[in-house]
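Student: For reference, the structure I am asking about is given below.
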Amino acid sequence: MGILEVKDVNKRFGGLQALGDVNLSVKENTVHAIIGPNGAGKSTLLNCLVGKLMPDTGSVMFAGQSVLGRKPYEINQMGISRVFQTPEIFGDLTVMENMMIPLLAKRDGSFRMHAYESVEDEKDLRGEAETMLTEVKLLDKQDMLGSSMSRGDKRRLEMAMCLIQRPKLLLLDEPTAGMARADTNNTIDLLKEIKEKRDITMCIIEHDMHVVFSLADRITVLAQGTPLVEDTPENIKGHPKVKEAYLGEAA
Amino acid sequence: MLGLRKKDAGLLLLVTVLTVMAPVLLNPFPVDSAMAQFNAGYPDLMQRFVIFGIFAIGFNILFGLTGYLSFGHAAFLGVGSYATIWMMKLLTLNILPGIFMAIVFAALFAVMVGYISLRRSGIYFSILTLAFAQMSYALAYSVLTPITGGETGLQIKPTDTPLLANLEPGEIGRASLFGLEMSQSSIIRMGGWEFTLNVGYYVCAMAMILAFYMAIRIFRSPFGMMLRAVKSNQNRMYYTGLNARPYTLAAFVISGMYAGLAGGLMVAMDTQVGPERMFWTASGEVVLMTILGGAGTLIGPVLGAGMIKYMENIVSKINDQILHTWFAFLPDGLEDAVVAMIYPFVGKGWHLTLGLMFMAVVIFLPGGLLEGGDRIRNAFRRKRTGKEDTAKQRTPAE
């Protein structure tokens, strides 16, 4: 049994079958990549996992519990964090405040009316945030506004915000999209470091084969809404079905 | 001090000193001087300054922090006013129970309006709140006449005999706080100057200082940070395990309670209320105050409220005769020309001045008057140190 079990998930948008009978099992403490050409249904699948979309049929189980019908914030509280294609951070807040919010969400739940205490007094949480910021090399920028940072820094901040909640599963939606080669390599190094340092399961959706092959333990290839193959990176590389899906070559 | 950081404590102290000294500070001109009409230190106006200050502080907790622009906050002001006047008509002439009920009823009404309106954001939210406020106004004006007094509104009459007041038959009750009447004043004369210290004003001033203190606590609290997060990125909030809905509803209800408090104080100072208090222009006024002063800043809304109320009461009193006496030293033809030029901007035309000022602030100082103050201060600091300022620029509210 994997930590995330997707069974027979179907999703239609009008006449388009976005997902057809998707089965997926993500093992604990592995990096699982989902690849596929444009329009293969990768993002739709991800949205079904985090509560943004509701599949028409099928089930999605996370750590033995169904996530279907739950709101995104409830799913996060279960232990799933998500990194977006374009970094989603709190642009009007400082880097430190950006870190405090996920920490408070983890400690106090989805809503708590703590209107009389001061953020300044949360010394423990600040310490925790500083440790995490050191790890992603953003400590010296802690008083900067989120919106005034470079894209690479925003990406690192977003990852730090997700990681500080100690999620059991981290979903990454094209974490290197639109990045220069050097930034991509930095991100790969960061993700590798994260993987080594803590017990975390990651599920990556990615276009860039370089990223996928340097990180993933297992790869699922998605084409036209259905999984073609699931295997180790070595076996995927020369797989005829994959070549066909990507290049349109006859196998 | 009081669980505040140095800078905030300083701000609170400044506001306290300014409000306590207001009867003196706002009367800088001797009574007999030609400038005496610019004196704003009379109780009626000062009460309005602080009451609308409270209203704007509360509105700013919703608009300044979460970015939700309510266009119906005057409804809570009205609900608070009606609650207070009924308490004074029926129970006691002491203002405290009335003000307490004003806050309670405004909160209940805000829960209802907020629960429905907060299902939408942006312009749709604004329109929903506007619809609620106009509906309340129309109801108060017509079908709710038994409760609201309709067009004529409600006031304390000789026939009203509150349960806990010992009034002579036919005596008109007056608002008081444990026997201290709101209308009591002591006048201090110093040379040509005259300062009026009014009980009602100081009651309102205390309420505003308390309201301001609580606003600081909210701004600096985790709750306040979450409200700013709502404005910044709701999507990230949901994927960080936070439900934005109860946060916005709480902010809405808190700002509704502030409005209720303001409405209650209005009645405590002047024991009458009419439905026009809930009209949409009253809702628009508090939006203007907040933006003019600086949305999302602590003291900005208070400044904005003071500015607008000052213009409404002082600039509007300058008529053409006064202008003619000012410019009497000019040759006749020139005098008429100058007066004709200035006249549209003062007296009944004060709205024009306000409108132009508002446009100038929104275009050149999106952070409100406070941003103007910051810029001036920074310009001086730059001159002294010869260094570029690195101060964060205020970001305008949407």
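The values are calculated or read from the model by the stated rules, or taken from the named source; none is laboratory data. For clarity, every value in this text was computed on a predicted model and none was experimentally measured. Here Cβ is always computed from backbone atoms with ideal geometry, including for glycine, and neighbour counts include all displayed protein chains. Areas reflect the complete protein model, heavy atoms only, side chains present, ligands, DNA and RNA absent. Shrake-Rupley method; radii C 1.70, N 1.55, O 1.52, S 1.80 Å.
Student: From A:VAL31, A:VAL67, grab the single residue that is within 14 Å of another protein chain (Cβ to nearest Cβ), touching a strand residue (DSSP E or B) at 6+ places or on another chain (Cβ under 7 Å) and either touching a residue at least 40 places away in the same chain (Cβ under 8 Å) or not aromatic (Phe, Trp, Tyr) (or both). First the steps, then the outcome.
Tutor: Values: A:VAL31 fails: within 14 Å of another protein chain (Cβ to nearest Cβ).
Criteria check complete, one pass: A:VAL67.
Student: Right, A:SER43: surrounded by fewer than 21 Cβ atoms within 10 Å (Cβ to Cβ), away from chain B (no Cβ under 12 Å) and at pLDDT 90 or above or not?
Tutor: Working: surrounded by fewer than 21 Cβ atoms within 10 Å (Cβ to Cβ): yes; away from chain B (no Cβ under 12 Å): yes; at pLDDT 90 or above: no.
It is false that A:SER43 is surrounded by fewer than 21 Cβ atoms within 10 Å (Cβ to Cβ), away from chain B (no Cβ under 12 Å) and at pLDDT 90 or above.
Student: One residue is enough: does the range A:86-98 have a residue meeting the conditions within 20 Å of A:ILE219 (Cβ to Cβ) and either within 11 Å of chain B (Cβ to nearest Cβ) or open to solvent by less than 30 Å² (accessible area, probe 1.4 Å) (or both)?
Tutor: In the first step, residues of the range A:86-98 are kept if they are within 20 Å of A:ILE219 (Cβ to Cβ); the result is none.
Scanning the range A:86-98 turns up no residue that is within 20 Å of A:ILE219 (Cβ to Cβ) and either within 11 Å of chain B (Cβ to nearest Cβ) or open to solvent by less than 30 Å² (accessible area, probe 1.4 Å) (or both).
Student: Give me the pairs, please: first residue somewhere in the range B:338-367 and closer than 20 Å to B:GLY296 by Cβ, second residue anywhere and of a type in the set (Asp, Glu), beta-carbon distance under 7 Å, and either six or more positions apart or on two chains.
Tutor: Pairs found: B:LEU365/B:GLU371.
Student: Which count do you get for residues in the range A:150-189 that are more than 14 Å from chain B (Cβ to nearest Cβ) and outside any helix (DSSP H, G or I)?
Tutor: Just the residues of the range A:150-189 that are more than 14 Å from chain B (Cβ to nearest Cβ), to begin with: A:150-153, A:156, A:174-189.
Narrowing the set further to residues that are outside any helix (DSSP H, G or I) leaves A:150, A:174-180.
Total meeting the criteria: 8.
Student: Of all residues in the range A:106-128, count the ones that are over 18 Å from B:LEU242 (Cα atoms) and not in a loop (DSSP other than H, G, I, E, B).
Tutor: So in the range A:106-128, the residues over 18 Å from B:LEU242 (Cα atoms) come out as A:116-118, A:120-124, A:126-128.
From the residues that got through so far, the ones that are not in a loop (DSSP other than H, G, I, E, B) too are A:120-121, A:123-124, A:126-128.
Of the residues in that region, 7 qualify.
The rows are residues; the columns are (1) in a helix (DSSP H, G or I); (2) more than 10 Å from chain A (Cβ to nearest Cβ); (3) open to solvent by 10 Å² or more (accessible area, probe 1.4 Å).
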site: B:THR196; (1), (2), (3): no, yes, yes
site: B:CYS204; (1), (2), (3): yes, yes, no
site: B:MET208; (1), (2), (3): yes, yes, no
site: B:ILE218; (1), (2), (3): yes, no, yes
site: B:TYR247; (1), (2), (3): yes, no, no
site: B:ALA250; (1), (2), (3): yes, no, yes
site: B:SER255; (1), (2), (3): yes, yes, no
site: B:GLY260; (1), (2), (3): yes, yes, no
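Student: Quick check on this structure: which one of B:ALA295, B:ALA282 is open to solvent by 10 Å² or more (accessible area, probe 1.4 Å), in contact (Cβ under 8 Å) with a residue 24 or more places away in the chain and within 14 Å of chain A (Cβ to nearest Cβ)? So that I can check it myself, show each step before the final result.
Tutor: Numbers: B:ALA282 fails: within 14 Å of chain A (Cβ to nearest Cβ).
None of the others qualify; the one that does is B:ALA295.
Student: What are the residue pairs meeting all of these: first residue in the range A:2-19, first residue farther than 21 Å from A:VAL67 by Cα, second residue open to solvent by less than 10 Å² (accessible area, probe 1.4 Å), Cβ atoms under 8 Å, and 6 or more apart or on different chains?
Tutor: As it stands, the answer is A:GLN17/A:GLY225, since those pairs meet every condition given.
Student: With the structure loaded, tell me whether B:THR385 is modelled with pLDDT under 75 and more than 14 Å from chain A (Cβ to nearest Cβ) or whether it fails that test.
Tutor: Values: modelled with pLDDT under 75: yes; more than 14 Å from chain A (Cβ to nearest Cβ): yes.
Answer is yes for this residue.
Student: Does the range B:235-245 hold any residues that are over 15 Å from A:HIS114 (Cα atoms) and either in a loop (DSSP other than H, G, I, E, B) or within 7 Å of chain A (Cβ to nearest Cβ) (or both), and which are they? Talk me through it step by step, then tell me what you get.
Tutor: Step one: list which residues in the range B:235-245 are over 15 Å from A:HIS114 (Cα atoms), which gives B:235-241, B:245.
Of everything in the range B:235-245, those that are over 15 Å from A:HIS114 (Cα atoms) and either in a loop (DSSP other than H, G, I, E, B) or within 7 Å of chain A (Cβ to nearest Cβ) (or both) turn out to be B:ASN235, B:ARG236, B:TYR238, B:TYR239, B:THR240, B:GLY241.
Student: Moving on. Of all residues in the range A:196-208, count the ones that are of a type outside the set (Val, Ile, Thr) and open to solvent by less than 60 Å² (accessible area, probe 1.4 Å).
Tutor: Residues of the range A:196-208 of a type outside the set (Val, Ile, Thr): A:196-199, A:202-203, A:206-208.
Okay, now just the ones that are also open to solvent by less than 60 Å² (accessible area, probe 1.4 Å), so A:198, A:202-203, A:206, A:208.
Total meeting the criteria: 5.
Student: In addition: Do any helices (runs of 4 or more DSSP H) entirely within the range B:1-114 hold 3 or more residues that are over 30 Å from B:GLY296 (Cβ atoms) and open to solvent by 10 Å² or more (accessible area, probe 1.4 Å), and if so, which? Lay out the reasoning, then the answer.
Tutor: On the way: elements: B:6-25, B:43-60, B:74-90.
Qualifying helices (runs of 4 or more DSSP H): B:74-90.
Student: Let me ask something additional. Taking the options B:VAL273, B:VAL230, name whichever one is of a type in the set (A, V, I, L, M) and either open to solvent by 30 Å² or more (accessible area, probe 1.4 Å) or more than 10 Å from every other protein chain (Cβ to nearest Cβ) (or both).
Tutor: Just a single option satisfies the conditions, and that option is B:VAL273.
Student: Separate question: Among (1) within 21 Å of the chain's Cα centre (by Cα); (2) not basic (Lys, Arg); (3) not assigned by TED's automatic domain parsing to the domain that holds A:LEU45, where does A:LEU125 come up short?
Tutor: In the conditions (1) within 21 Å of the chain's Cα centre (by Cα); (2) not basic (Lys, Arg); (3) not assigned by TED's automatic domain parsing to the domain that holds A:LEU45, A:LEU125 misses (1) alone.
Student: When the range B:265-299 is examined, which residues are found to be among the acidic types (Asp, Glu) and either more than 19 Å from B:ILE85 (Cα to Cα) or part of a helix (DSSP H, G or I) (or both)?
Tutor: B:GLU276, B:GLU285, listed by residue number.
Student: Give the range A:36-93 a look and list any residue that's polar (S, T, N, Q) and outside any helix (DSSP H, G or I), or say none.
Tutor: Taking the range A:36-93 first, the residues polar (S, T, N, Q) are A:38, A:43-44, A:47, A:57, A:59, A:65-66, A:76-77, A:81, A:85-86.
The answer is A:ASN38, A:THR57, A:SER59, A:GLN65, A:SER66, A:SER81, A:GLN85, A:THR86.
Student: Do the conditions hold for B:GLY349, that is, is it modelled with pLDDT of 85 or more, of a type in the set (Gly, Ala, Ser) and open to solvent by less than 40 Å² (accessible area, probe 1.4 Å)?
Tutor: Numbers: modelled with pLDDT of 85 or more: yes; of a type in the set (Gly, Ala, Ser): yes; open to solvent by less than 40 Å² (accessible area, probe 1.4 Å): yes.
In short, yes.
Student: Check off (1) part of a helix (DSSP H, G or I); (2) crowded, with 20+ Cβ neighbours inside 10 Å; (3) in contact (Cβ under 8 Å) with a residue 24 or more places away in the chain; (4) at the interface with another protein chain (Cβ under 8 Å from one of its Cβ atoms) for A:LEU103 and give me the number that stays unchecked.
Tutor: (4)
Student: How many of the residues making up the range A:113-145 are at the interface with another protein chain (Cβ under 8 Å from one of its Cβ atoms) and at pLDDT 90 or above? Talk me through it step by step, then tell me what you get.
Tutor: To start, the set of residues in the range A:113-145 that are at the interface with another protein chain (Cβ under 8 Å from one of its Cβ atoms) comprises A:113-120, A:122, A:145.
Among the residues that remain, those that are also at pLDDT 90 or above are: A:145.
Count: 1.
Student: Then there's this: Only residues in the range A:177-194 that are in contact (Cβ under 8 Å) with a residue 24 or more places away in the chain count as the first member; pair them with residues that are assigned to a loop (DSSP other than H, G, I, E, B) and polar (S, T, N, Q), Cβ under 6 angstrom, at least 6 apart or cross-chain, and list the lot.
Tutor: A:ALA177/A:GLN85; A:THR184/A:THR176; A:THR187/A:THR176
Student: For the condition closer than 16 Å to B:VAL273 by Cα, touching a residue at least 24 places away in the same chain (Cβ under 8 Å) and over 25 Å from the mean Cα position of the chain (by Cα), what is the one hit in B:GLY192, B:GLY153, B:GLY173? Before you say what the answer is, go through the steps one by one.
Tutor: On the way: B:GLY192 fails: closer than 16 Å to B:VAL273 by Cα; B:GLY153 fails: over 25 Å from the mean Cα position of the chain (by Cα).
The unique qualifying residue is B:GLY173.
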